[in-house]
1. How high is the FRET efficiency between residue B:441 and residue B:313 when r is their beta carbon distance and R₀ equals 45 Å, given to the nearest 0.05?
2. Averaging sequence separations of C-alpha pairs under 8 Å and six or more residues apart, then dividing by the length of segment A:5-152, give the relative contact order as a whole percent.
3. From the cross-link list A:86/A:340; B:492/B:544; B:310/B:336; B:67/B:139; A:216/B:281; A:86/B:260, which pairs have alpha carbons spaced over 21 Å apart?
4. Which whole number gives the average, over all residues in B:294-306, of C-beta atoms from other chains lying within 10 Å of the residue C-beta?
5. Dipole magnitude of segment B:143-287 about its Cα centre, charges +1 at Lys/Arg Cβ and -1 at Asp/Glu Cβ only, in debye to the nearest 20?
6. Write down the radius of gyration of segment B:722-832 and its Dmax, each obtained from C-alpha positions, in Å.
7. Within the P(r) computed for segment A:5-152, what percentage of the Cα pairs occupies the region above 18 Å?
8. Using a Förster distance of 60 Å, how high is the FRET efficiency between residue A:291 and residue A:169, based on the Cβ-Cβ distance and rounded to 0.05?
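Read-outs: derived from the displayed coordinates by stated rules, not from any lab. This is a predicted model, so every value here is computed, not measured. Using ideal geometry, Cβ is built from the backbone for each residue, glycine included, and neighbour counts are taken over all protein chains shown.
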Amino acid sequence: MATSAIFILDLKGKVILCRDYRGDVAPKNAEKFITRVNELEESGRITPIINHEGITYIYVQYSNLYLVAVARENINAASILLFLHKLREVFVHYFNELEEESLRDNFVIAYELLDEVMDYGYPQFTEAQILAEYIKTDAYKMEVQARPPMAVTNAVSWRSEGIKYKKNEVFLDVVESVNLLVNSNGTVVRSEVLGALKMRTFLTGMPECKLGLNDKVLFESQGRSPQDKKKAVDLEDMKFHQCVRLTRFESDRTISFIPPDGAFDLMTYRLSHNVKPLIWVECLVEKHSRSRTDYLVKARSQFKDRSTATQVEILLPLPPDAIAPTPRTSQGTATYAPEKDAMVWKIKNFPGGREFVMRCRFALPSVPAEEESTGRMPPIRVNFELPYFTVSGIQVRYLKVIEKSGYQALPWVRYITTAGEYEIRMS
Amino acid sequence: MSDSKYFSTTKKGEIHEYKEDLRAVDRSKRKDSVKKVIAAMTVGKDVSMLFPDVVNCMQTDDLELKKLVYLYLINYAKTQPDLAIMGVNTFVKDSQDPNPLIRALAVRTMGCIRVDKITEYLCDPLQRCLKDDDPYVRKTAAVCVAKLFDINPELVEDRGFLDTLKDLLADSNPMVVANAVAALAEIHETSGRDVFQITSQSLFKLLRALNECTEWGQVFILDSLATYTAKDAKDAEAIIERVTPRLQHANCAVVLSAVKVILKQMELVDDDVLKKTLHKKMAPPLVTLLSAEPEIQYVALRNIHLVVSKFPQILVHEVKVFFCKYNDPIYVKMEKLEIMIQLASDKNIDQVLLEFKEYATEVDVDFVRKAVRAIGRCAVSLERAAERCINVLLELIQTKLNYVVQEAIIVIKDIFRRYPNRYESIIATLCENLESLDEPEAKASMIWIIGEYAERIENADELLETFLESFPEETSLVQLQLVTATVKLFLKKPTERPQQMIQLVLTYATQETDNPDLRDRAFVYWRLLSTDPEAAKEVVLAEKPVIADVGSGMEPQLLATLLQNLSSLASVYHKPPETFVSRTRLAVQRAEDLPNPEDHFGDESGTAISSADAAIADSAAAAGAPAAAASTTALSPQPDLLGDLLDLGGGDTSNGNVHQGSHDLASSLGGLSMGGTGGSNASQQYNSPQAQPAADDFFGFGGGSGSSARTPPAPQAPPLPVILPADKGKGLTVSGRVTRQNGQIVYKIALANGTQAPMDGFMVQFNKNAFGLSPANQNIPVGSVAPGQTATADLVLNQAAGMLNAAAGTTPTLQVAIRNNQQGVLYMSDSVPASALFTEGGNMDPSTFPPTWKGLPDASEASQHLQGVTPGNIEAIKPRLVAKNVFLMAARGSPSGAIWRPTARAQGVSELKLPHDANFEGLIGLRPQ
């Protein structure tokens, strides 16, 4: 069943845009929405889906806007939430920045888009690039009247025909982001790697692509030599962009697709078996007296010597009432960021197999603050980038591009590992 | 260029200004003006008076301008129905434009204009567009059929659009197929008619389209596949095989809907190896949902909660992924916590406890409290971990954080209830923290602990006394606990001080308080103590039943419904759809506008569609009597009452073969009249779906069993329908039905003990319900039921205003709780047949009948054919009707037979009136007043 209307509201709940699809929810309900959200927020029971006076509001907040879908029926909540996110992407694609002002500046086009992305409350088509082919931002430039591109209803709904490039290139970035949670006693509670194959394609025509990975399941089914198998990786839960033929993958693990034009995520995957933390951080607390506390932070890189982590940033939380924190570091620079209640330690280059130390001394007021005892310190957070490296060991074995015009496409592959939610709990 | 300037002018006379500009010769000026009008409309100004001028701009080559005018039309056509017709010409013309974009736009917009006159003109363009060469136009037209159906279902029917829509399921274009699926599914659900039945042929087409259409289309198709009941295990396996690749889709909604389909089809699969493989396959995608945006994580977690409740094995090894991240929004954290409790086991409890302990020191107080409760719930459900849980709780109490301590004491009380006489050593630690208690629940828990273990706490009297000082100011929860605890203390240590205390407490509680509960409890204790202290001891200090963790338990029936609705709002709210769906369809208003509602009587293409009907449609469709709801929709501007009365019938037949059930009911009515027309004949008659209105059994004449129907005045009660099967009742099978007996409403109940031990102490209670029914006596007079035995009882039911659940309307559902000493409380639900409510006093003076009859809205009339009745034998069936408290009031001849007017009164539901129309076979009707 379907959505009744889409509202776009400012943070005060005033309607900026409102597209009514079914005529059973009045725009005045938008005002009730914001009151209800505020009430729930105060009582700490806010959720992204709320029901008020028989109407369901599904919403996401983005910059200074609320995108709200309203319904009276038992609609598919997951689908509509995703739709709102996709709608956000479409608007961002069109207006570069999506906020109150850009939306008011482009309300005509926004209404046109709302007409196209949803019909009678059913999500229809949300590929921004294809939409841009027939809903133009600058209507005056349009000399020929727009027609719906074939792609809108094609099986290949993400790519139009007739794309041309002088130089045919594909950029493939393998990005792995490491989520880590370490307890205050130093045990790894949880570690996982979220990987993504990010592609940017600049290809002519309707190219057929085939991607080869060192996929363990594939190697096993092909009966490769044990040596090969060692190099293979076991990826959990691969998820593909809609261009990938899932049935084909299910039957013989071939990743074949006609890519959209430009940037997209071809595939994501997850790795949750034990991953050794790449940068290990521990913090020793030495409380000398109320007026003097020392944090001794050790950061150790646990990857091979030939790799080097860059843009390393360690956020060390300090008590909010810390007085005059002074850091000393063996490498990099540390600065106090009072707005984050943290010491930010930055190390530009962090080679493998090294250990650096920071000592941070601070005092606390002699009179303890009232709520001092409540709550715990937030975790230490770490950011870094590790180029030319993947935790999983995933490798792109080949990327074949076949187009009927027979051109040679150049694939460029890069590997990088970054820190995701990398948290070390303080004691 | 920026559009924001259109919002700016607010000076006087702007409407006039717009008007002038709209009439301007200059095209760009006109366009600017329309933009200004739309801007004004957006901020909520009424610009409807510009209607004719805006519509004048409609005929243009400028696509942008055209879209704006259309947008205006959608918003204001309703307020200016007569003027809206001005646009029709342009629409019709546009629907034949060479540009498919414009054709689609025209038909899309026309469908959104909810004006009767326009819809008539819509038909021809729609017909063309449904067969358009361009798939973009066809996919738009497919949705348009659903729009039109909502406004005017007869029109859709007459023009054969439904068939064209069904043809589109075989369209070569996947998006057209997907939209046709969405439209058909909607019509199917709102009309309650069997318009969309997936067959093995269409199934194949849907599965093929599934591979090719957009992500949204895939969701439509998967959601409809989830309603398909496979023929056999092989069929189900084939579907699963085709759907499984969807688990790899990047779109979370596709993944969740695929999980829904697989879970549904898996019900038929009995290959355990395959089941296991599927469980394994579903786990990683479910886990990956937690890497999505927080809002989507929330939906995913609510859904995972359901999946885990039914199939814990799927995620049994994944508890770690539900550990909270520091920056997770609070709503995500709360849901993760809930799932962690579900997945906690002896194997992982140490890790889980460590996490809970971490959370218990976080900043957000609500989250901290929930974490502490979580520890308590794990202790209650995992016996072997109880001690570890208690140790963690004790550590947390040492933090001296006020709310942590209070929450810990509340859960420790539960742990004591679960494991009596095992962990009392920790009471001393608890007693150290009495001062920090300021919340009623925590105080009450602590007082309970002191009272319960008074003999082991040396200074129990002192401790209680400190609480007693503030007795008058406490909340009733604390007061009640204080009274009980003091009595316990006195019984355990009958020394001087407790004696004084008890005097004081009971005096206050009986004389000073306004709270009847407190007063009653105090009186009870007082009398007990003064008449027989030994008996008091036995009563007050009796051994208590052990409790279990019910925090995440869900009724199996509800769980099944929610799993069917995975990924929908129902799965997020954890409530069945009918509890929150609030459709107010335009069509309902239309039905009221109709000049002559009688014309619609019996018209199968019902117009009035409401949420209740949709819900009924569900149950009716599920029950295999789909036509039923359709015939009622036609006559119900008061859909709730009628719809629900229908459900009365649905409930009654739900436990047998449904077709059989309703046929028998029908034939039992026939039996009433003819005595022996023969059931098989009746069945044939009713095989035509239209001829089988659900009204069939809402009288409950048949009582449910075929055999009784054929031996007409069925003196022997048929076996009672089972309302709680043994597997859900921990070995106890409960059957029951509400009926009428000797002028009273009686709940006939049978309790079959399938366990190895005797059961006793049966008691019953109802939840508040639509008819205000409650048992006159809570005890079920069956004594002890030996293993393997069945005991029956007739419980007299009263109707009391206090039991009336106004919110339920006339929902026939009756929620029943039955307890006994061995199993604790069991919950089940039953429904009330309308016939049980008909009173003996329903007969009325023939002279007062016509005005009363006319006073009832015609549209709330439902009818039923009586099998085998001819004008000649009316008198013969009269006594049988009377036996059911249905009284014949009038009969008159008509060309096709005779019209009868019987009447009946129902208790509690206001008055119900039964017209009786004996066209060829006799027709019986029921009107709620």
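1. Details: r = 35 Å, r/R0 = 0.79.
That gives a FRET efficiency of 0.80.
2. The value is 20 percent.
3. Over 21 Å Cα-Cα: A:86/A:340; A:86/B:260.
4. Numbers: counts 2, 13, 8, 1, 6, 11, 2, 0, 4, 2, 0, 0, 0.
Mean inter-chain Cβ contacts per residue within 10 Å come to 4.
5. 580
6. According to the Cα coordinates of segment B:722-832, Rg and Dmax are 13.7, 42 Å.
7. 57
8. Numbers: r = 62 Å, r/R0 = 1.03.
Computed FRET efficiency for residue A:291 and residue A:169 comes out at 0.45.
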